[in-house]
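Data first, discussion second: the structure below is written as structure tokens.
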Amino acid sequence: MNKKLFKSVVLGAAAVMSVAVLAGCGSSPAEQTASNKLVMGTNAQFPPFEFTTTNNPLVETFDGIDVAIAKKIAEDNGKELTIVDQEFEGLVAAVSTGKVDMAVAGMTVTPDRQQSVDFSDTYYTATQVMVVAPDNTSIQKASDLVDKKVGVVLGYTGDNIVTDDLQVPEANIQRANRALDIIQDVKNGKLDAVVVDSYTGKALAEKNGLKAIEDPEAFEAEEYAIAVKKGNTELLEQINKVLKEMKESGEIEQLAEKYNTMDVE
Ligand code: ARG
């Protein structure tokens with residue numbers, strides 16, 4: 001390399017470095033705050049895991065088992081938890097595109113979702129239940145649903161089970177974005193049943209004077225876990241560390257007890 005060229009390479013490198021240094025010092029406030037925050041994506045229509053309340057919420061207007069877990073993860077990370085409340089159906093995409101850092105949403109681990117996101121260790125086991133009117137006697141097991149009007153929430157595992165496994169005809173399925181709406185339709189007789197996760201189903205049934213029916217033979221156990229962007233092992237390991245601590249100390253169990261007996265809005 002001749003001297004002149006060498007000199008310009010060095011100068012060029014110095015220029016690049018000083019730009020980098022300047023960029024480092026002068027990063028915009030938005031970028032700085034972004035890194036102080038851990039962004040949780042969820043769908044807060046899922047008591048006792050996540051719901052909104054005016055009664056002393058844990059984070060912003062949100063409360064629930066998942067919110068408490070996510071808060072711990074953020075604290076352990078030295079970050080502040082922010083919550084993006086959105087439709088459940090878009091959560092996997094929000095994680096895989098980096099719109100949110102993690103989805104904490106009572107999300108069942110499924111092979112399908114595992115193609116798009118990485119899951120943490122599991123922290124809760126649930127199953128599906130059928131929420132029906134208190135005087136309903138025609139629905140005792142899952143197979144009874146086949147000629148009934150059934151409500152599910154868009155993109156929930158309950159939707160897949162009703163559609164693919166139980167093969168309820170499309171014309172008899174009503175899909176909603178919120179469990180609350182279709183629960184109202186069971187109340188007013190427009191629907192015979194809503195198929196939804198057990199803890200949520202039981203909470204909503206109790207609140208609305210309905211009953212939740214189980215069928216362990218038809219509805220398998222579902223494991224809840226936290227989803228992160230594929231390859232984000234740093235966050236994943238930290239999440240697993242916190243989950244492990246919370247399981248070992250009995251905290252997860254305590255949260256379940258606390259929120260299961262709480263009157264949610
Ligand atoms: N466990 C079900 C699923 O993964 C339902 C989860 C709904 N969660 C929520 N936050 N709305 O599909």
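Throughout, read-outs are computed from the coordinates displayed, never taken from laboratory work. All values reported here derive from a predicted model rather than from experimental measurement. Counting neighbours? That spans all protein chains shown, and the Cβs are built from the backbone with ideal geometry, glycine included.
Amide H contacts for Lys37 (H built 1.01 Å from N in the peptide plane; partners 5 or more residues away or on another chain; cut-off under 5 Å): Glu80. Full extension of the segment from Asp112 to Asp181, taken as 0.36 nm per residue of separation minus the current Cα-Cα distance, would add 22.2 nm.
The Cβ shell under 11 Å around Ser120 holds other residues with a net charge of -2, Lys and Arg each +1, Asp and Glu each -1. Between Thr122 and Leu58, full extension at 0.36 nm per residue minus the direct alpha carbon distance yields a gain of 20.8 nm. Roughly what % antiparallel, to the nearest 5, for the DSSP beta bridges in the chain? So the antiparallel bridges amount to about 65 percent of the total.
The alpha-carbon of Lys247 sits under 21 angstrom from the alpha-carbons of these lysines, leaving out residues fewer than 8 places away in its chain: Lys71, Lys72, Lys258. Please list, or write none, the lysines whose alpha carbon is within less than 17 Å of the alpha carbon of Lys141, excluding same-chain residues fewer than 8 places away. Lys141 reaches Lys149, Lys202, Lys211. Taking Cβ atoms as reference points and 10 Å as the exclusive limit, the residues near Ile73 contribute a net charge of +1, counting Lys and Arg as +1 and Asp and Glu as -1.
DSSP assigns beta bridges within the stretch 29-160; of those with both partners inside it, close to 40 percent run antiparallel. Here the Debye sum runs over all C-alpha atoms of the stretch 121-216 as equal scatterers in vacuum, and log10 of I(q)/I(0) at q = 0.13, 0.19 Å⁻¹ comes out as -0.36, -0.79.
Listed values for the stretch 44-60 are Karplus-derived 3J(HN,Hα) couplings in whole Hz (6.51 cos²θ - 1.76 cosθ + 1.60, θ = phi - 60°), namely 7, 10, 9, x, x, 7, 7, 7, 9, 8, 9, 8, 6, x, 6, 9, 6, and x replaces Gly and Pro.
Extension gain, Glu253 to Lys37, is 75.1 nm, computed as 0.36 nm per intervening residue step minus the present C-alpha separation.
Among 71-79, 44-52, 246-254, 104-112, the peptide with the highest mean count of other Cβ atoms within 10 Å heads the list, and the full ranking is 44-52, 104-112, 71-79, 246-254. Report summary: the helix-based calculation at 222 nm, which adds -39500 (n - 2.57) for every DSSP H run with n ≥ 4 and divides by the residues of the chain, gives -11500 deg cm²/dmol.
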